[in-house]
Each structure stands twice: as C-alpha cells, then as structure tokens.
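*Asks:* My structure is below; once you've seen it, I'll send some questions.
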Amino acid sequence: MPEPTNSSPAPLKTDLRRVDINPDFWYPLAWSKDLKRGKTIGRRFGRFPIALVRPEEGSVFALEDRCAHRQVPLSLGKVSGEAVQCCYHGWAYGRSGRCIDVPYLGKRKLPNGVKTYPCREAGGMIFIFPGDAEKAESVPLPSLAQVDNPAFKTRRFSPVVKCHYTFMHENLMDMNHQFLHRRQMGQIRARFLGQDAGENFIEARYSFARTGNQQPLAERLIFGKHHDDPNREQPVEEIVSIRTTYPYQSLKIHDKDGDLIMELFSVYVPNTADGMSTQCFGLLSVLRPKTPFLIDMIWPALGIFTHRIFEEDREIMELEQNAWRELGGDHNVEVFPIVRKLRDLLAQNGVAPGTDTVAQPEVSREQPADPVVV
C-alpha cells in the first residue's frame, strides 16, 4: 500500500490487481461492540498498523500502532484515563498522538509522538480516515443501508477473503455468476435491465427469472413464492440494483410496487501489506414483514442461507486470486460491458502502482533534549 495521502488516478492500462485502494475515504476497521471501555485493539489498513483506543471517558481514537520508542504495538498497551501506555516502557500517548509521559524521564523534554488518524463511529462500526487528514471533515461517511431504520432488521458480517479488493466489486456487480449458486438458489437466470454511471459510480439493474421449481425457504419467506411457468416470460417481481460508489458497494432490492425490501452495504478494506487479503464489512437490512415476530423466526434461516452463498463467493474469488498469482498478472477476459466499465472506474479512482503520494507531515523521532539511557 502507498502512504495514505492524496494521490493521482491510476492509468487504465495498469493491472487492476496492482491498483491500491484510495485512502482518502472513511473505512471501518472494527465493530463498536468489539472495543470495550478502557481497551485497545490492533487493526490494519494495508501495510499500516493502527491501534484503536477507547478511553475510560470520551470517544474512540486511532493511532499508528507503533510506539515511537521501540516500535512495539501500542495495541498491546494499557489504557489509562485518556491515554494509552506502551506495554514495554510505559510511554503514554493521548488522542492527538503526542507523547504525554515517559515515566522515568522526569521533567525533561518529552519526545514527539506518533501519527494519529481521524476517527468516527457510525452504524455500529469504527471508521478511520487513513488519507489526507485535512480532507476528513469534507468527505462524508457512506450511507449504511437501513441500520438506523426500525422498519428493517440488520445483520452484520465481516469475513476475511484472501483476495484483492477489486475481485469483490466484480463478483457482486456481475449477477451472471448465479450459476455458481445453483445448489443454494436453484435454477435462476439474471436479466440485465440497464445501467447508470457517473464520475465516481456505476450501477447495474437486474431481475431474475426462475427456470426451475426449487426456491430456498429463506427467499420464499422474504419475497414470497415465485412460480415457474415455462410457457411464458416471467413477470419482473423484484428489481435488484447494484452500485459501486467508490470505494463502497451497495445492493438494493425493490418489489414490483417500487418499495425497498432489502439493502446491502459493503466495503472492502485491505488488511495485509501486499493488498492481497481483504476484510469485508457488511450490513444486510431486510424489511420486517407485517406479521409480528416473523422476521425473528426466519432470521436464523436467512443467516445460514446468506453464509452459504458468501462461502461459495469466497472460494471462487480466492481461486481467482491464486490464478493471478500463478500467472503473474491479470489475464481475465472480460466480455460483460458493465464489468468492463466497473474495472475502469476502480482503476481511475484507485492508486496506481509506484505512484508517489504527497508527503504527509512527518512525525519526529527526536530523542529527548537530555538523552536518557534505558
């Protein structure tokens, strides 16, 4: 991953799997519930280790996960009041990243601290802004499905997939891959209805024709029973809209009356230095049926159903990544126009390999004015 700062667009001819994600957006690194008061956890954005800290009072903050002294992870440290102390020598850092205490230094000048990242909580997730911090206030958080709408019930998921993030965008956008899910979904055929595109987004719309009688129980309970009539073209029961608004992705399902019945939000965060592993954060919101408590009864079945679908996707995307590695580059032969446009969008908005980014203000590693032997 490049230094997380402002960067120039990637050229269209570059290998898409070598294009890094643009850091000038808000990315979730953890679920709020996973970080308790007085605790810290370590996460990664590409090759950058980040410590998330929830002090005893106040909001979460994010620091470079390396103590300025010996580069030991601060996420292994102790939260004390509004600061975190390194587990090694007890150096303490506040939310600004400034070193505020070295226990054995006395009143001598304190060394400078570590990099800090803008940090927010929304939708039960902890977001950081890994890019140019001056842009953080002007860049909005993404729309998080229907997580705050009581008319919907939302499922959260965060699997790790050992592939480049761009494979995940392509997988969801291209609904022609339903053949992969024939054991889970039965026999259905995607019908492409149209598209929209703009400077930073592309959207595809589909309906689905069932070509066999098998319909999963979870699907039937949520959307109703779909009948197969081989003698006529099936009516459009639902419209599925899939949109990549860089760097986020969403899927919305509207019924034949135009009412929203399901919405998915996904974002894919590189979590290794080489960018070939991705932490997915997802919110799946389903409209509550009119029958009281029905959604709670079918929720376990829906969870099992969506998990099986995703596991099939995970396996196939990791196979794609393995092929890329063995072949030494991207040899995909893409023929579906919407996916070709998606690939261009990802390349244009991402960070090209070898791109020199604007230097960030450096964090000084100065020694104290009066050096102390430790």
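*Asks:* Could you bin all the Cα-Cα distances of the stretch 23-135 into 10 Å bins starting at 0 and give me the percent of pairs in each, rounded to whole numbers?
*Replies:* With a bin width of 10 Å, the distribution comes to 16, 49, 29, 6, 0.
*Asks:* Additional query: Pull out the extension gain between C87 and R325, defined as 0.36 nm times the separation in residues minus the alpha carbon to alpha carbon distance; nm, one decimal.
*Replies:* The span from C87 to R325 would gain 81.9 nm if fully extended.
*Asks:* Same structure again: Between their Cα atoms, which of K78/K153; K13/K162; K39/K115 are more than 30 Å away from each other?
*Replies:* K78/K153, as the Cα separations exceed 30 Å there.
*Asks:* Also, I was wondering about something else. Using all alpha carbons of the stretch 152-349, what is the percent of pairwise distances in each 5 Å bin, ordered from the shortest bin to the longest?
*Replies:* Reading upward from the zero bin: 1, 7, 14, 19, 21, 17, 11, 6, 3, 1, 0.
*Asks:* On to the next question. If r is the Cβ-Cβ distance from S59 to E199 and R0 is 22 Å, what FRET efficiency results, to the nearest 0.05?
*Replies:* That pair, S59 with E199, gives E of 0.10.
*Asks:* What distance in nm separates the two pseudo spin-label positions at R155 and K109, each 7 Å out from Cα along the beta-carbon direction?
*Replies:* 5.8 nm
*Asks:* What translational diffusion coefficient, to the nearest whole µm²/s, does the stretch 98-183 have by Stokes-Einstein, given a Kirkwood radius computed over alpha-carbon pairs, a temperature of 25 °C and 0.890 mPa s viscosity?
*Replies:* D, rounded to a whole number, is 135 µm²/s.
*Asks:* Let me ask something else. Using a 7 Å offset from the Cα along the Cα-to-Cβ direction at both V335 and M297, what is the distance between the two label points in nm, to one decimal?
*Replies:* Result: 4.6 nm between the two label points.
*Asks:* Between R182 and K256, 0.36 nm times their residue separation minus their Cα-Cα distance comes to what?
*Replies:* 24.2 nm
*Asks:* Take every Cα pair under 8 Å in the stretch 118-214 that's 6+ residues apart, average their separations, divide by the length, and report that relative contact order as a whole percent.
*Replies:* RCO, the stretch 118-214: 15 percent.
*Asks:* A further question follows. Amide H of E238 versus every other amide H placed in the peptide plane: which residues, excluding those fewer than 5 positions away on the same chain, fall under 5 Å?
*Replies:* F208
*Asks:* Right, something else. Please give the length that would be gained between E315 and K13 if that part of the chain were fully extended, namely 0.36 nm times their separation in residues minus their C-alpha to C-alpha distance (nm, one decimal).
*Replies:* Additional length available on full extension: 106.0 nm.
Each value in this text was obtained by applying a stated rule to the coordinates, not by laboratory testing. Since we're looking at a predicted model, the values are computed, not measured. Every residue, glycine among them, receives a Cβ derived from its backbone with ideal geometry; neighbour counts consider all protein chains shown.
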